[in-house]
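Here's the structure, in structure tokens; my notes come after.
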Amino acid sequence: MKIFHVLILPLMLSLNAISFSAKATESWWLRTVFNSSPSQPNSQNYINDIDLMDCGEIEDTLLCSDLTQYYDLDVYVELELGDSSVETVRLNLPYSDLSYTKLQAYLRQDGFALSSIRIGEDEFDVTAQLEQARNEGVGFDKVDKQLVEFINVPHASAEQLSVWNVPSLSSSSSTSPRVQLQSDGDNLTVELNRF
């Protein structure tokens, strides 16, 4: 029995570590297209990549991935291509409360800030509330509290749409990245647009 613990247990721990690290890796290209940078990635860098499939009705307009990772979440990725750039990046995954919470945390980690959220027909404009708090000399923690109350109050619909932007970039930037996180209760879609 002692031999089992000495030989087999370290082997099992090693295999678990290897499988965990393999599961936690993202595709090389994901961070080059999904980030808070205002610059549009060149579509030619992805068209012939073996990890991406042409899945549009018109050739070289939509690329799709097999299952890949965004942090530790399993996602499918779609890249909408313009003439020379990747214009939209879309991540798709099944809905769960945990995945929804993680996506919000990961967007913050990637440099995005929540600017508004709509649940059903009800909307909370975070940017406007922060501006009002600044003008009134009220702490931003009041806005955080109002946002939490808004999210936790029962709503008529499970559909949610939140808009995220990069606060450090000027709104006049022609390619300022903007993210929409959408949930219908069954699926989650994260869509990054540079416009």
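The values are calculated or read from the model by the stated rules, or taken from the named source; none is laboratory data. Since we're looking at a predicted model, the values are computed, not measured. Note that we place each Cβ from the backbone using ideal geometry, even for glycine, and neighbour counts take in every protein chain shown. Surface areas here come from the heavy atoms of the whole protein model, side chains and all, with no ligands, DNA or RNA. Shrake-Rupley method; radii C 1.70, N 1.55, O 1.52, S 1.80 Å.
Can you tell me which residue within region 104-150, out of those that are part of a loop (DSSP other than H, G, I, E, B) and not small (Gly, Ala, Ser), is surrounded by the most Cβ atoms within 10 Å (Cβ to Cβ)?
At the first step, the residues of region 104-150 found to be part of a loop (DSSP other than H, G, I, E, B) are 110-112, 120-121, 137-139.
Now restrict to residues that are not small (Gly, Ala, Ser): 110, 112, 121, 138.
On the way: ASP110: 18, PHE112: 22, GLU121: 9, VAL138: 13.
The extreme case among them is PHE112.
Of everything in region 62-74, what is free of Cβ contacts under 8 Å to residues at least 40 places away in the same chain and surrounded by 15 or more Cβ atoms within 10 Å (Cβ to Cβ)? Give them in sequence order.
Going residue by residue through region 62-74, those that are free of Cβ contacts under 8 Å to residues at least 40 places away in the same chain are 62-67, 73-74.
If the condition is that a residue be free of Cβ contacts under 8 Å to residues at least 40 places away in the same chain and surrounded by 15 or more Cβ atoms within 10 Å (Cβ to Cβ), then LEU62, LEU63, CYS64, SER65, LEU73 are the ones that fit.
Among the residues of region 89-103, are any in a strand (DSSP E or B), in contact with a helix residue (DSSP H, G or I) (Cβ under 7 Å, 6 or more places away or on another chain) and of a type outside the set (Gly, Ala, Ser)?
Yes, region 89-103 contains a residue that is in a strand (DSSP E or B), in contact with a helix residue (DSSP H, G or I) (Cβ under 7 Å, 6 or more places away or on another chain) and of a type outside the set (Gly, Ala, Ser).
Can you name the condition, by its number, that SER168 falls short on among (1) open to solvent by 90 Å² or more (accessible area, probe 1.4 Å); (2) at pLDDT 90 or above?
With respect to (1) open to solvent by 90 Å² or more (accessible area, probe 1.4 Å); (2) at pLDDT 90 or above, SER168 is out only on (2).
For region 103-158, which residues satisfy the criterion of being aromatic (Phe, Trp, Tyr) and without any contact (Cβ under 8 Å) to a residue 12 or more places away in the chain? Reasoning before the result, please.
Narrowing region 103-158 to residues aromatic (Phe, Trp, Tyr): 106, 112, 124, 140, 150.
Hit for region 103-158 is PHE140, nothing else.
Can you name every residue in region 47-58 that is open to solvent by 20 Å² or more (accessible area, probe 1.4 Å) and in contact with a helix residue (DSSP H, G or I) (Cβ under 9 Å, 6 or more places away or on another chain)? Spell out how you get there, then give the answer.
Within region 47-58, the first condition is being open to solvent by 20 Å² or more (accessible area, probe 1.4 Å), and the residues that meet it are 47-51, 53-58.
Residue satisfying the conditions is ASP54 alone.
Give region 86-103 a look and list any residue that's crowded, with 16+ Cβ neighbours inside 10 Å and more than 19 Å from VAL163 (Cα to Cα), or say none.
Across region 86-103, the qualifying residue is only VAL86.
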